[in-house]
Amino acid sequence: AVFTALADRTWRGRGKGVLQLERNLSRVLGKDATDAEVRAMSRKVLRSYFRYWLEVFRLPEYDRDRIVGRMRVSGHEKIFENLESGRGVILALPHMGNYEQAGAWLVYQGHPFTTVMERLKPESLFDRFVEFRERLGMEVLAHKGASAFGRMAQRLRDGRPVCLVVDRDLTESGVDVEFF
């Protein structure tokens with residue numbers, strides 16, 4: 001209830017993030033950003049986003065059985081075959097769903113992984129996120145070019161998984177694509 005109330009308060013505040021969300025939704029829905037359907041959808045999205053954070057913060061409380069037993073994953077056999085044969089695997093992920101929980105699932109399957117994280121400000125927030133994710137069994141590298149790249153390459157040579165969120169170009173050298 002607290003997270004829903006925070007989401008609704010944020011939604012009513014109509015800050016920059018909410019306005020950008022509504023511009024994005026208007027494009028997806030083919031409606032004006034002030035349309036009632038866009039507004040209602042933005043409220044649902046914010047509630048979903050705040051629920052995501054609630055679930056992320058509660059994740060350390062969950063044991064292996066809860067995470068592995070309640071998740072339904074398909075297509076993972078090929079990933080595990082490669083890892084068990086000693087070959088590293090790159091998992092390309094979108095900013096979608098609870099990827100911390102997906103990561104915990106992979107760790108509980110016996111495959112701790114390496115990932116890269118964008119530096120956050122303030123630095124103390126970045127450090128807290130790194131510590132949080134490392135407690136879940138992830139190796140987190142700061143996004144800083146060749147150093148992170150070299151360590152990821154080594155993990156792959158060691159037969160380990162590397163998980164990368166791939167829908168943002170932090171290098172500013174990617175290819176532009178049209179959103180919807």
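Within the range 93-112, the set of residues being more than 20 Å from V56 (Cα to Cα) and either open to solvent by 60 Å² or more (accessible area, probe 1.4 Å) or of a type in the set (K, R) (or both) is empty.
Please specify each residue of the range 3-23 satisfying the condition of being without any contact (Cβ under 8 Å) to a residue 24 or more places away in the chain, farther than 11 Å from Y49 by Cβ and exposed (fewer than 15 other Cβ atoms within 10 Å of the Cβ). Correct list: A5, R9, R12, G13, R14, G15, K16, L19, Q20, R23.
Residues in the range 113-129 that are within 16 Å of V56 (Cβ to Cβ), open to solvent by less than 50 Å² (accessible area, probe 1.4 Å) and at pLDDT below 95: M117, F126, F129.
Residues in the range 80-92 that are crowded, with 17+ Cβ neighbours inside 10 Å and either in a helix (DSSP H, G or I) or in contact with a Ser or Thr (Cβ under 6 Å, 6 or more places away or on another chain) (or both): L83 alone. Identify, please: which residue in the range 135-155 is under 15 Å from T171 (Cα atoms) and open to solvent by less than 30 Å² (accessible area, probe 1.4 Å) and is, among those, farthest from the chain's Cα centre (by Cα)? Top of the filtered list is A148. Of all the residues in the range 153-180, those that are within 19 Å of H95 (Cβ to Cβ), touching a helix residue (DSSP H, G or I) at 6+ places or on another chain (Cβ under 8 Å) and in a loop (DSSP other than H, G, I, E, B) number 2. Quick check, is L59 open to solvent by 40 Å² or more (accessible area, probe 1.4 Å), closer than 30 Å to A7 by Cβ, touching a residue at least 12 places away in the same chain (Cβ under 8 Å) and in a helix (DSSP H, G or I)? In short, no.
With respect to R66, is the statement that it is farther than 19 Å from D167 by Cβ, assigned to a helix (DSSP H, G or I) and free of Cβ contacts under 8 Å to residues at least 12 places away in the same chain true?
On the way: farther than 19 Å from D167 by Cβ: yes; assigned to a helix (DSSP H, G or I): yes; free of Cβ contacts under 8 Å to residues at least 12 places away in the same chain: yes.
Taking the combined requirement at face value, the residue satisfies it.
The values are calculated or read from the model by the stated rules, or taken from the named source; none is laboratory data. This one's a predicted model, so the numbers in the text were calculated from it and none came from an experiment. Every residue, glycine as well, gets a Cβ built from its backbone with ideal geometry; the counts of neighbours run over all protein chains shown. Note: accessible area is taken over every heavy atom of the protein model, side chains too, but ligands, DNA and RNA are not part of it. Shrake-Rupley method; radii C 1.70, N 1.55, O 1.52, S 1.80 Å.
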